[in-house]
Amino acid sequence: MSLLARVAGIGVAGPGLPDWESARAALRDPAAFVRSPTAVPVPEALPPVERRRCGTNVKLALGAGFEAARRSGLPPEAFATVFASSSGDGDNCHAICETLASEDRQISPTRFHNSVHNAPSGYWSIASRSTRPSDSIGAFDASFAAGLLEALTRIAGGESPVMLIAYDSPYPEPLQAARPMTDGFAVALALLPPDATGLLLGATIANEAPTVLANEALEALRLG
């Protein structure tokens, strides 16, 4: 069984890959790729108060998502959204665990509402003023695949356009040792039905090993 969609726009935020132009250049000429710490985007579309409250995952997700929307030529509020993250907001999880382990176990309401898995979805709706449907998915190492399957299923069901935004960032220690990630990363795909214009993307449901990148630096990025 195959599911198809057209990619109308792509957004990226990752180590040495501040945007899709940089990522496309690295994929065309891997020898030119230079890794550097992820430049976390500033979510300018959020009101100043919300901008101060949101964490790294929200900034990565919104940065990639707004770039993909801009490249698609469609407004952000036009998209139904699927957010996919394997681990959620590690910084807030860490801070809440520290509070619960202390003598003063009063958890900050801001910490709590930023810790839930659908926080980026909520911030997206504020930033874009979108009232379209949104899902938030977590499936550990299969999170991107699960998010892509959900997004393509929505396209197949007649919903369009759909934005898939996959993102993750490292936990602080000691959780980082149990779930190591080298840096924050987000990718967004603005998807349209297969009869639209754009790059045709297909997903076939099969149990296959991941493709290994020949370039060592890009392979380390993929694994991290």
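Numbers below:
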| read-out | value |
| --- | --- |
| Over the stretch 176-224 - Rg/Rh using Cα atoms and the Kirkwood inverse-distance radius | 1.07 |
| Gain upon complete extension [T110, A45; 0.36 nm per residue less C-alpha separation] | 21.4 nm |
| Under 9 Å, Cβ to Cβ, from Y171 - net charge with Lys/Arg +1 and Asp/Glu -1 | -1 |
| Rounded, prolate or oblate (a/c below 1.5 giving rounded, otherwise prolate when a/b exceeds b/c) for the stretch 128-200 by Cα gyration tensor | prolate |
| Segment R53-E103, length gained on full extension (0.36 nm per residue, minus Cα span) | 15.5 nm |
| Long-range amide H partners of G9 with built H, under 5 Å | A190 |
| Solvent-accessible ranking of S102, S2, largest area first, probe 1.4 Å | S2, S102 |
| Estimated 222 nm signal from helices in the chain, with DSSP H stretches of n ≥ 4 weighted -39500 (n - 2.57), rounded to 500 | -11000 deg cm²/dmol |
| Debye intensity ratio I(q)/I(0), log10, the chain, q values 0.09, 0.11, 0.13, 0.14 Å⁻¹ (C-alpha model) | -0.37, -0.55, -0.77, -0.89 |
| Carbon/sulfur fraction of accessible area - the stretch 85-210, other protein chains in place, 1.4 Å, % | 57 |
| Vicinal HN-Hα couplings computed from phi for the stretch 18-31 (Karplus, 6.51 cos²θ - 1.76 cosθ + 1.60; Hz; Gly/Pro x) | x, 6, 5, 4, 5, 5, 5, 5, 5, 6, 6, 9, x, 5 |
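The values are calculated or read from the model by the stated rules, or taken from the named source; none is laboratory data. Because the structure is a prediction, the values reported are computed rather than measured. In this analysis, Cβ positions are derived from the backbone assuming ideal geometry, glycine residues included, and neighbour counts consider all displayed protein chains. These accessible areas exclude ligands, DNA and RNA; they are computed on the full protein's heavy atoms, side chains included. Shrake-Rupley method; radii C 1.70, N 1.55, O 1.52, S 1.80 Å.
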